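In what follows, a single structure is set out as structure tokens and then discussed.
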């Protein structure tokens, strides 16, 4: 059956968005692998589904490229928010979105009446081990704790932004063998729901370089929730100010851990193209 889609990207993290308010109710989850395939499909890190909500102005579901469902995606929600705003589905510059990580609040940043960036209130970081989850820490925080991967010891700081993150500080993020260690962190026994892993280099107190291995999607050009987890981990380890620029493979995000304990992420969201597909 044919359906319409919109391809969007946020700092290089790209998505196939399907407006389920208009399109037929098909098995998009089952089709995720083929749709996201970069050689035989549309190509994307994941699929965004626009759905009605009884709890918020609109609902977003995100399906990873491997067919698994993610609780949240920071770059995804910026793309999603811009789409529903510009399509008139939500007629407010600031609105609520139901996600698997709870209700989040994106805000359009306008220049000359056009959306230039999107800021998202990403909520409060979750720091208790059992809630992230990380095995063996109960309700204690997981800050600068040892983890052994492939006979090599690392120090990890773990954060949940509604989805689990393991942040590892390294001397050189560019040179770190992310393809070797990323999948081993993802499936490590410490992480019962697997984990996203950020390999992070501190440039200075307000500039951070981050590369990411995303659970269910491998290396991606950016990760919004990972950027929030990275800033949180850097602050908890005394390495960063509470507001910093996060340099990703695909661009830059500004993240602030505000006095109200909420993390605010600001960055771009761009439409790439629209089209029709058949599954």
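Can you tell me how many residues within the stretch 140-149 are in contact with a helix residue (DSSP H, G or I) (Cβ under 6 Å, 6 or more places away or on another chain) and not in a strand (DSSP E or B)?
So the answer is 3.
When residue 257 is tested against (1) in contact (Cβ under 8 Å) with a residue 12 or more places away in the chain; (2) closer than 29 Å to residue 109 by Cα; (3) out of contact with any helix residue (DSSP H, G or I) (no Cβ under 7 Å at 6 or more places or on another chain); (4) surrounded by fewer than 24 Cβ atoms within 10 Å (Cβ to Cβ), only condition (3) is not met. The test for being assigned to a strand (DSSP E or B) and modelled with pLDDT of 95 or more does not hold for residue 3. Taking the conditions (1) surrounded by fewer than 23 Cβ atoms within 10 Å (Cβ to Cβ); (2) modelled with pLDDT of 95 or more; (3) within 28 Å of residue 170 (Cα to Cα); (4) within 18 Å of the chain's Cα centre (by Cα) in turn, residue 98 satisfies each one other than (3).
Only a single criterion out of (1) under 22 Å from residue 195 (Cβ atoms); (2) out of contact with any helix residue (DSSP H, G or I) (no Cβ under 6 Å at 6 or more places or on another chain); (3) surrounded by 19 or more Cβ atoms within 10 Å (Cβ to Cβ); (4) modelled with pLDDT of 95 or more is not satisfied by residue 162, namely (4). Looking only at the stretch 173-191, decide whether some residue is within 14 Å of the chain's Cα centre (by Cα) and under 27 Å from residue 103 (Cβ atoms). No, there is no match, as no residue in the stretch 173-191 is within 14 Å of the chain's Cα centre (by Cα) and under 27 Å from residue 103 (Cβ atoms). Filtered by the rule that a residue be part of a strand (DSSP E or B) and closer than 15 Å to residue 104 by Cβ, the stretch 260-279 gives 263, 264, 265, 266, 267. Quick one: is residue 187 out of contact with any strand residue (DSSP E or B) (no Cβ under 8 Å at 6 or more places or on another chain), modelled with pLDDT of 95 or more and either surrounded by 20 or more Cβ atoms within 10 Å (Cβ to Cβ) or within 18 Å of residue 216 (Cβ to Cβ) (or both)? Judged against the criteria, residue 187 is a match. Look at (1) under 22 Å from residue 65 (Cα atoms); (2) crowded, with 24+ Cβ neighbours inside 10 Å; (3) under 14 Å from the mean Cα position of the chain (by Cα) and you find that residue 268 fails only one, number (2).
The values are calculated or read from the model by the stated rules, or taken from the named source; none is laboratory data. Everything numeric here is computed off the predicted structure, so don't read it as measured data. Because the Cβ atoms are built from the backbone with ideal geometry, glycine has one as well, and the counts that use them run over all protein chains shown.
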